[in-house]
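Structure first, then comments.
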């Protein structure tokens, strides 16, 4: 199984987001990646628009308080993950109509196709565990998020 922590760091995690809408949280996730990885500020608008365009195909708010926005885009090297949680919930147009409390953003380029699919699958599989979801929602620091994921990956 692919390790999420290979692509996620404390710098690309924000806990207790104040964002209340899909667009606001996606912007926040993009800003986390741009500020803390090799994705340029110039590319941030393109990345943001690509994610919103992907959302028009179908919502990535999959239900149970989870959203997994993802996009493949050529100017990203390898794969990157950003994460936010919310105590209050985010309107994300989820399949179940409920607010989202956990959001993982995955971005990658097409040369990383296999790992991209494996990571999405791994995240989805982990999130099937209600205790894992609860612990991610309740995490108040990036370090706590890392600890929760690390305990799942071991």
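Before we move on, is residue 136 modelled with pLDDT of 95 or more, touching a strand residue (DSSP E or B) at 6+ places or on another chain (Cβ under 9 Å), surrounded by fewer than 22 Cβ atoms within 10 Å (Cβ to Cβ) and closer than 25 Å to residue 47 by Cβ? Here the answer is no, as residue 136 does not meet what is asked.
Among the residues making up region 21-45, a single one is surrounded by 15 or more Cβ atoms within 10 Å (Cβ to Cβ), farther than 21 Å from residue 115 by Cα, more than 15 Å from the chain's Cα centre (by Cα) and touching a residue at least 24 places away in the same chain (Cβ under 8 Å): 43. Can you tell me which residues in region 70-92 are at pLDDT 95 or above and in a loop (DSSP other than H, G, I, E, B)? Within region 70-92, just 92 meets the criteria. All of (1) touching a residue at least 60 places away in the same chain (Cβ under 8 Å); (2) under 13 Å from the mean Cα position of the chain (by Cα); (3) assigned to a helix (DSSP H, G or I); (4) buried (at least 16 other Cβ atoms within 10 Å of the Cβ) hold for residue 146 with one exception: (2).
Within region 92-117, residues that are at positive phi and touching a residue at least 40 places away in the same chain (Cβ under 8 Å) reach partners that are surrounded by fewer than 23 Cβ atoms within 10 Å (Cβ to Cβ) and assigned to a loop (DSSP other than H, G, I, E, B) with beta carbons closer than 8 Å, at six or more positions or on different chains, in the pairs 93/59. With the requirement that a residue be assigned to a helix (DSSP H, G or I) and free of Cβ contacts under 8 Å to residues at least 24 places away in the same chain, what does region 46-69 give you? Scanning region 46-69 gives 48, 49, 50, 53, 54, 56, 57. Please go through region 132-143 and give me each residue that is over 15 Å from residue 122 (Cβ atoms) and part of a helix (DSSP H, G or I), ordered by number. Listed by number, the residues that qualify are 134, 135, 137, 138, 142, 143.
Against the definition (in contact (Cβ under 8 Å) with a residue 40 or more places away in the chain, surrounded by fewer than 20 Cβ atoms within 10 Å (Cβ to Cβ) and over 22 Å from residue 35 (Cα atoms)), how does residue 72 come out, yes or no?
When the stated conditions are applied, residue 72 does not pass them.
Answer yes or no as to whether residue 123 is crowded, with 18+ Cβ neighbours inside 10 Å, touching a strand residue (DSSP E or B) at 6+ places or on another chain (Cβ under 6 Å) and not in a loop (DSSP other than H, G, I, E, B). So residue 123 passes the test.
The values are calculated or read from the model by the stated rules, or taken from the named source; none is laboratory data. Bear in mind the structure is a predicted one, so any value in this text is a computation, not a measurement. Here Cβ is always computed from backbone atoms with ideal geometry, including for glycine, and neighbour counts include all displayed protein chains.
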